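Bear in mind that the values in this text are calculations on the coordinates, not laboratory data. Keep in mind that what you see is a predicted model, and the values were worked out from it rather than measured. A quick note on method: Cβ atoms are made from the backbone with ideal geometry, for glycine too, and the neighbour counts reach across all protein chains shown.
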Amino acid sequence: MPEAALRVCALYPDLMNIYADRGNLLLLERRCAWRGIGFELTSASVGDRVDPDAHDLFYMGGGQDRDQKLCAHDLVDTKREALHAAADRGAVVLAVCGGYQLLGRSYVLGDEEIPGIGLVDLHTIRADGGTGGRLVGNVAIEVDLPGTPGPRVLAGFENHGGRTHLGPGAEPLGRVLRGHGNTGASGFEGVRRGNVLGTYLHGPLLPKNAWLADWLIRRALGLEAALAPLDDALEDATHRSACAAAGLPE
Ligand code: GLN
């Protein structure tokens, strides 16, 4: 049995999983296993309470507006305090697209406002105009995360009707190189507050950006030292292909 184990809690894996966002969990599991790091996966869906101290990493994928509504109210009612407590003690929270939107203060869809858990200072407004108002396509952003040697690229795919506006207390995850990002006009993508990350990038995100998976594992386990290197030939090729799809030069 490996000594260290990454304890992951998947939030609403049954409802918040579009564009194969669950693949992010699989990649985390594999990269831990290949290094002899244990991996414990728990899921928490509607009605389930979460223990803020029992998990190193909380994960929520993307979802349709309808599923998001269900989750939003449940998140606020049964999980908000625990997620704040977990984030405050440095647990990693990774949320993609619909999940990302729910980390903020609210998501406004026409006359309706669905609540977020206020883990980060942002709000989202769905654009009018049906499908024409969606921001869709391949995307590449530049991010500069602590503990990394310098700026790096994340590449993925976005498809969202919501425009996410960061408040004065929020830092973006990255700068848009190609694609739309948070609003299509701000030049920013995602959000980061310490170990809390939100992003519109599907793909899924981590198989296309394995280096980010390693950063998350390190942060979640509180490891100072870099993780043991792996043979990433396939992962690097996948990353290059996602960057090329987004229109970045080789
Ligand atoms: N329903 C949200 C939107 O359209 C999120 C979509 C998603 O997770 N891809 O903005």
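Distant-in-sequence amide contacts of PHE188, defined by a placed amide H-H separation under 5 Å and a gap of 5 or more residues or a different chain, comprise VAL176, ASN182, THR183. In this label model, VAL76 and VAL46 are separated by 1.6 nm, measuring between points 7 Å along each Cα→Cβ vector. For the chain, modelled as a GNM whose springs connect Cα atoms under 10 angstrom apart, the maximal fluctuation among LEU135, LEU119, LEU227 occurs at LEU227.
Taking trypsin sites (Lys or Arg not before Pro) as exposed when DSSP calls them loop and at most 14 other C-beta atoms lie within 10 angstrom, the chain has its longest site-free stretch at 90-250. Dividing the summed -39500 (n - 2.57) terms of all DSSP H runs of n ≥ 4 by the residue count of the chain sets its mean residue ellipticity at 222 nm at -7500 deg cm²/dmol. How about the range 1-102: which GluC sites (Glu not before Pro) there are in a DSSP loop, with at most 15 other Cβ atoms within 10 Å of their Cβ? The qualifying sites are GLU3. Obtain the nm distance between the two label points defined at LEU248 and ALA185 by a simple spin-label model: each point lies 7 Å from its Cα along the Cα-to-C-beta direction. Each label point is offset 7 Å from its Cα along the Cβ direction, giving 2.7 nm.
Other residues with beta-carbon under 10 Å from the beta-carbon of ARG193 carry, at +1 per Lys or Arg and -1 per Asp or Glu, a net charge of -1. For the chain, the share of DSSP beta bridges that are antiparallel, to the nearest 5, is 55%.
Among beta bridges from DSSP that stay inside the range 49-141, the antiparallel ones total about 35%. Between LEU26 and ALA237, the contour length at 0.36 nm per residue exceeds the alpha carbon distance by 74.1 nm. Contact order for the chain, expressed relative to its length and based on alpha carbon pairs under 8 Å spaced 6+ residues apart, stands at 19 percent.
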